[in-house]
1. I'd like the accessible area for A:Phe91, computed on protein heavy atoms only with a 1.4 Å probe and all protein chains in place. Round to 10 Å², please.
2. Given a 1.4 Å probe, how much area per residue of chain A is accessible, in Å²?
3. Choose one answer from A:Gln285, A:Gln78, A:Gln208: the residue with the largest mean-square fluctuation in a GNM of chain A with alpha-carbon springs under 10 Å.
4. Mind ranking B:Phe202, B:Phe167, B:Phe125 by accessible surface for me, highest first, 1.4 Å probe?
5. Relative to the first principal axis of the alpha-carbon coordinates of chain B, what is the inclination of helix B:2-17, with its axis defined by its Cα atoms, in degrees from 0 to 90 and to the nearest 10?
6. Using only DSSP helix segments of four residues or longer, with each worth -39500 (n - 2.57), what per-residue ellipticity at 222 nm results for chain A after dividing by its residue count and rounding to 500?
7. Could you state the accessible area per residue of the range B:2-244 in Å², with a 1.4 Å probe and every protein chain left in place?
8. Can you work out the base-10 log of I(q)/I(0) for the range A:1-103 at q = 0.14, 0.17, 0.21 1/Å, using the Debye formula on its C-alpha atoms alone?
Amino acid sequence: MGVAVSIEQVVKCFGSLRALDGVSLEIAEGEFFGLLGPNGAGKTTLISCLAGLVRPDQGKLSVMGCDVRGDYRAARRQLGVVPQELVFDPFFSVRETLRIQSGYFGIRHNDDWIDEILHNLDLTSKANVNMRRLSGGMKRRVLVAQALVHKPPVIVLDEPTAGVDVELRQGLWQFVQRLNREGHTVILTTHYLEEAETLCGRIAMLKQGRVVALDTTSNLLARFAGHTLNVRLANDACLPPALRARATQSDGYSIFRLAGFDEIEPLLAAIRVAGCTIDDLRLTQADLEDVFVGVMQGVKVSEVVQ
Amino acid sequence: MSGLRTLLYKEVLRFWKVGFQTVAAPVMTALLYLLIFSHVLDGEVQVNSVRYAAFLIPGLVMMSVLQNAFANTSSSLIQSKVMGSVVFILLPPITYVEFYFAYVGAAMLRGLMVGAGVLAATAWFAPLTFVAPVWILVFAIIGGGIMGSLGMIAGIWADKFDQLSGFQNFLIMPLTMLSGVFYSIHSLPPFWQRLSHFNPVFYMIDGFRYGFFGVSDAAPAVSLAVVAASFIVVALTTLAMLRSGYKLRY
Ligand SMILES: Nc1ncnc2c1ncn2[C@@H]1O[C@H](COP(=O)(O)OP(=O)(O)OP(=O)(O)O)[C@@H](O)[C@H]1O
Ligand SMILES: [Mg+2]
């Protein structure tokens, strides 16, 4: 498998703000890659650098081996970007929009593929409707369609499901997963972490313009999360200090991170010995959200140390 | 080349879909100018031995060509920048040269369409001659190219609609109004006459009018040279701007 996207030491400043502070990533062909991070982390800026919309101050980027700057025409042909902002051209119908977008890539007579995209995004009945008359979610679907007209080997989706209803979300993911199975590389940013967890094989987390975690999704889940035992005590009783120190508090529950299931019994025994009665008890599998929160907090600590 | 073709097609479709506003309305405006000015001045004024109404018509035609060429590129660009839809033309593999020719081509086309419309609507009001039709066409095309390019510069530079109308009101309007659309500069006091010779729009109108009547304020070859040189300067400036990605690619 070749390299689909290579990003080397990319720096981008807006005034005094370092939006990207030395980002390096390599994404292989056929990957379903997640790019996560809080608002303002630099995800969109990174994608824009890849698409040539933003010019980095330092660093190199390439798509399918084509340099984004030096060989920009080839690089852009390899890339389909769904922008984060809900933008549209009010003069045209859905089909006109897609035909025009095909033409920009030098493709004429693209109607078969356009029809297929429309069908998969459930837009067939809107094909001849003016863009202005579409609802927000439908406009977002057209944005997805526009990114796919030239069958790009690398598809970048910048929060494609914001404001999209459940049904389409599922339809969209089925479609994108199919494209991924057929060999397209997919890069996804989203704030819906359960989406990223189920879809992405590998994930990078960005914070303040830096990559703070980069691993396969399963490794990230295993490394940071494991399981937690959530305990609520009867009568609002308090745990003894030694136990309290091991837990984090949330909503009246004390949450214990478990390295393994063998920790459960001693923990429950300790609570009983302390004379507390358990009111409610839950065993949960930590998810990507826990990992995300953990990583983001972890970085804060290490920054203080630096 | 197909990127250029599609972009040109899109730009033409864009103004054609609102043709009432972009083509019919300017024709109407020019017709009103003609009715009012020729009503007041026709019969009393003659310019270079041409009846005033006849003198005025080529001026109005050329003014419409220029204003609409400017309006087309500038409004298209500022709109797609403000709406954000400019990404659709920044993401594909379109070169800056294709970008330039597609936009300016569509601007010229709109300018020429409006110009032809104004001519067809006003020609009934005075006897016109077409002494040198090639000159008419050449000046209209290059004039449209200059204004289309200026519209690109303005549309790319402006971040908001009011900055664009500033550009229009304080640069384009004075240049066109003070160019001899409505009068011969020979009727001006010497100072203003000399000043007019620094206005490239004066040469556009004067050369264009020469094509109709075979008489003009400046020698037509001089006008052509000035207009062609202006076009080259403006085109190179626009191309350099596009190449640098100024205000389009951050
Ligand atoms: N054109 C610009 N001019 C100035 N600052 C910018 C520009 N674009 C982005 N920024 C800044 O760069 C930082 C990163 O922004 P970016 O849009 O990449 O974040 P993001 O990770 O995509 O966030 P979100 O999840 O909200 O979409 C932010 O602080 C933002 O304010
Ligand atoms: Mg973003």
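1. Spelled out: A:Phe91, probe radius 1.4 Å, area about 40 Å².
2. Solvent-accessible surface per residue comes out at 48 Å².
3. A:Gln285
4. Numbers: B:Phe202 5, B:Phe167 40, B:Phe125 95 Å².
So the residues, ranked largest to smallest area, are B:Phe125, B:Phe167, B:Phe202.
5. Here the helix axis deviates by roughly 60 degrees.
6. Calculated from helices alone, the mean residue ellipticity at 222 nm is -11000 deg cm²/dmol.
7. On the way: 10080 Å² over 243 residues.
Per residue, the range B:2-244 has an accessible area of 41 Å².
8. For the requested q values the scattering log ratios are -0.62, -0.87, -1.16.
The values are calculated or read from the model by the stated rules, or taken from the named source; none is laboratory data. Nothing here was measured: the structure is a model prediction, and the numbers come from that model. Every residue, glycine among them, receives a Cβ derived from its backbone with ideal geometry; neighbour counts consider all protein chains shown. Please note that ligands, DNA and RNA were not included when accessible areas were found on the heavy atoms of the full protein model with its side chains. Shrake-Rupley method; radii C 1.70, N 1.55, O 1.52, S 1.80 Å.
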